[in-house]
Amino acid sequence: MTGAAFDPAATRLLLGTIVDNAGITRAKSVPGHRIAAAAAAGIGLSPVFAVMCVDDHLTRAGRYGGPVGDMRLVPDLSAAAVVDEPAGLAWAPFDQYDQDLTLMETCQRGVLRRQEAAAAAAGLDYLLAFEVEFTVFADAARSVPAHTGPGYGLRPWLALEEFSGDLLDALAAAGVDVETLHPEYGPGQLEVSMAPRPPVAAVDQYVLARLVIIRTARQHGLAVSFAPLTIPGSIGNGCHVHFSAARDGQNVFAGGDGRHGMTADGEALIGGLVRQLPEAAGLFTPSVISHARLVPGMWSGAYACWGLENREAAVRFITGTAGSRAQTANVEVKCIDGASNPYLAAAAITGLSLAGLRAGLAAPLPAESDPAEMPAADREAAGIARLPDSLPAALDLLASSKALRDVLGGAVVDCLVAVRRYEIERYGELPAEEQIEFLVTRY
């Protein structure tokens, strides 16, 4: 689906965004007559944003931190979208450059672009699609959920019918290709599923969708949050990422003679991803409230394993419906939430799976039932491991991960770890209710 074509001459205001290492979307805007200049020379921003924390505290990692230095935010006008045509409002993602207009090593979007290029060099065309869960509140204070269920029910759909209709219209006008919109399991919870796109374009679409969702909710007197937990005791919000890959136009997850019709390439991609999932947990579920959601029984993917249509496995294999499997077979990565940086999460999925291809891995034994209900000896025999059950443990694995440093770059990993360790020091000992009360307003 395509929205109105972006035209700088018809744009009153261009809003540009980055997503930082705390998973916060940061924004700057320029008036229409300044768009060409911004695209040529960028807009200034301190490199310290690589270590800006969830509460805007500035920490340090390597050479990042302190007041000295500058970088240039350059809007990618090829990815620009019209958000509100009558108002003349458009959006574009920023890339981060230094003053010599060399891409910064900490540019998260650049990290993903590099992995997309690596996939192409390996002869694979990746497609990614995001399922975004969020909580809708009936008040700006985010104290009253906009529906109380039942999960997936008709009543919550009707309660939010006007908002949902306007949201679908606004997403379509911005060029966001929506496949489904429906009430989810938790109070106030909705889910939007987006159509697959190449990796960078898929994440851009997701970031744009969050902008449109927040904006449309405000127009209805509602508030939304994408935080992993928004209501104490509720199931929380995930940010599931589906991916597929094709070689010479053929989906590697279908039409082969491997398990469930996979090709050897498909098995290798799953093998590489599952092998490194524990080391990626500090990236995928990086908030102090993330690990209260990443537990068995929540369908959040708390075990590093894969399985056919197994919603308790961190990696769920989906064959697709008979007759369409060549087009629809894909893999869902469930152990991700909305506090993560989506460009880096997508880069990790792409890069770690590619590492499995390079190593010629096979997918490990699948989990054919709920991993939590399997005897411990059977889990061990199948190589099924519990993902880290705390953020400190997850960050220790991320900090020491050669695989993630190869994919993301050492500077990015160091900045991620520094930002999240500060979050632990500042907020880790607070009661869960206080953690949620603060973080529900940040995501």
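Only a single criterion out of (1) open to solvent by 10 Å² or more (accessible area, probe 1.4 Å); (2) within 26 Å of Ala195 (Cβ to Cβ) is not satisfied by Gly272, namely (1). Selection within the range 275-304: residues that are open to solvent by less than 10 Å² (accessible area, probe 1.4 Å) and among the aliphatic types (A, V, I, L, M). The member of this set that is nearest to Arg358 (Cα to Cα) is Leu277. For the range 313-327, residues that are in contact (Cβ under 8 Å) with a residue 60 or more places away in the chain and open to solvent by 10 Å² or more (accessible area, probe 1.4 Å) total 6.
Residues are listed down the side, and each one gets a yes or a no for (1) in a loop (DSSP other than H, G, I, E, B); (2) among the acidic types (Asp, Glu); (3) under 30 Å from Gly428 (Cβ atoms):
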residue: Thr2; (1), (2), (3): yes, no, no
residue: Phe6; (1), (2), (3): yes, no, no
residue: Arg26; (1), (2), (3): no, no, yes
residue: Ser29; (1), (2), (3): no, no, no
residue: Ala50; (1), (2), (3): no, no, yes
residue: Val54; (1), (2), (3): yes, no, yes
residue: Gly66; (1), (2), (3): yes, no, yes
residue: Gln96; (1), (2), (3): no, no, yes
residue: Leu101; (1), (2), (3): yes, no, no
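Taking the range 326-348 only, how many residues are among the aliphatic types (A, V, I, L, M), out of contact with any Pro (no Cβ under 6 Å at 6 or more places or on another chain) and assigned to a helix (DSSP H, G or I)? Talk me through it step by step, then tell me what you get.
Quick first cut of the range 326-348, residues among the aliphatic types (A, V, I, L, M) only: 326, 329, 331, 333, 336, 339, 344-348.
Checking the rest, the ones that are also out of contact with any Pro (no Cβ under 6 Å at 6 or more places or on another chain) come to 326, 329, 331, 333, 336, 344-345, 347-348.
From what's left, assigned to a helix (DSSP H, G or I): 326, 344-345, 347-348.
Here the count works out to 5.
For beta carbons closer than 9 Å, sequence separation of 6+ or different chains, a first residue in the range 233-252 that is within 16 Å of Gly356 (Cα to Cα) and among the acidic types (Asp, Glu) and a second that is open to solvent by less than 20 Å² (accessible area, probe 1.4 Å) and not in a loop (DSSP other than H, G, I, E, B), there are no qualifying pairs. Check whether at least one residue in the range 289-296 is touching a strand residue (DSSP E or B) at 6+ places or on another chain (Cβ under 7 Å) and among the basic types (Lys, Arg), and report yes or no. So far as the range 289-296 goes, no, none of its residues is touching a strand residue (DSSP E or B) at 6+ places or on another chain (Cβ under 7 Å) and among the basic types (Lys, Arg).
What residue, among those in the range 349-391 that are among the hydroxyl-bearing types (Ser, Thr, Tyr) and in a loop (DSSP other than H, G, I, E, B), is nearest to Ala280 (Cα to Cα)? Once the filter is applied, the top-ranked residue is Ser390. Ile214 satisfies every condition listed in (1) crowded, with 19+ Cβ neighbours inside 10 Å; (2) closer than 22 Å to Phe94 by Cβ except (1). Checked against (1) part of a loop (DSSP other than H, G, I, E, B); (2) under 23 Å from the mean Cα position of the chain (by Cα); (3) not polar (S, T, N, Q), Phe317 meets all criteria but (1). Only one entry of Ala79, Ala90 meets the criterion of being crowded, with 21+ Cβ neighbours inside 10 Å and among the hydrophobic types (A, V, I, L, M, F, W, C), and that entry is Ala90. Take the residues in the range 169-180 that are within 18 Å of Leu89 (Cα to Cα) and surrounded by fewer than 17 Cβ atoms within 10 Å (Cβ to Cβ), then tell me which one is nearest to the chain's Cα centre (by Cα). Only one residue tops the list, namely Ala172. Just one of (1) free of Cβ contacts under 8 Å to residues at least 60 places away in the same chain; (2) under 23 Å from Ala170 (Cα atoms) fails for Ala39. It is (2). Selection of the range 225-248 for residues being surrounded by fewer than 24 Cβ atoms within 10 Å (Cβ to Cβ), aliphatic (A, V, I, L, M) and under 16 Å from Phe137 (Cα atoms) yields Ile231, Ile235. For the range 398-434, the candidate set comprises residues that are among the small types (Gly, Ala, Ser), in contact with a Leu (Cβ under 8 Å, 6 or more places away or on another chain) and closer than 22 Å to Ala292 by Cα; within that set, the residue that is least open to solvent (accessible area, probe 1.4 Å) is Gly428.
Scanning the range 109-167 for residues that are of a type in the set (Asp, Glu) and within 23 Å of the chain's Cα centre (by Cα), we see that the one that is surrounded by the fewest Cβ atoms within 10 Å (Cβ to Cβ) is Asp125.
Among the residues examined, Gln99 qualifies as of a type in the set (S, T, N, Q), surrounded by fewer than 18 Cβ atoms within 10 Å (Cβ to Cβ) and within 30 Å of Arg63 (Cα to Cα).
Residue-by-condition table, conditions (1) farther than 19 Å from Thr106 by Cβ; (2) hydrophobic (A, V, I, L, M, F, W, C); (3) under 22 Å from the mean Cα position of the chain (by Cα); (4) open to solvent by less than 50 Å² (accessible area, probe 1.4 Å):
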site	(1), (2), (3), (4)
Ser340	no, no, yes, yes
Ala347	no, yes, yes, yes
Gly351	no, no, yes, yes
Ser369	yes, no, no, no
Glu373	yes, no, no, no
Ser390	yes, no, yes, yes
Asp396	yes, no, yes, no
Ile436	yes, yes, yes, yes
Thr441	yes, no, yes, no
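Of Ala50, Ala61, Ala4, all but one fail to be open to solvent by 30 Å² or more (accessible area, probe 1.4 Å), in contact with an Asp or Glu (Cβ under 8 Å, 6 or more places away or on another chain) and in contact (Cβ under 8 Å) with a residue 40 or more places away in the chain; the exception is Ala4.
The values are calculated or read from the model by the stated rules, or taken from the named source; none is laboratory data. Here the structure is a predicted model, which means the values were calculated and not measured. A quick note on method: Cβ atoms are made from the backbone with ideal geometry, for glycine too, and the neighbour counts reach across all protein chains shown. Ligands, DNA and RNA are excluded from the accessible area calculation, which covers all protein heavy atoms including side chains. Shrake-Rupley method; radii C 1.70, N 1.55, O 1.52, S 1.80 Å.
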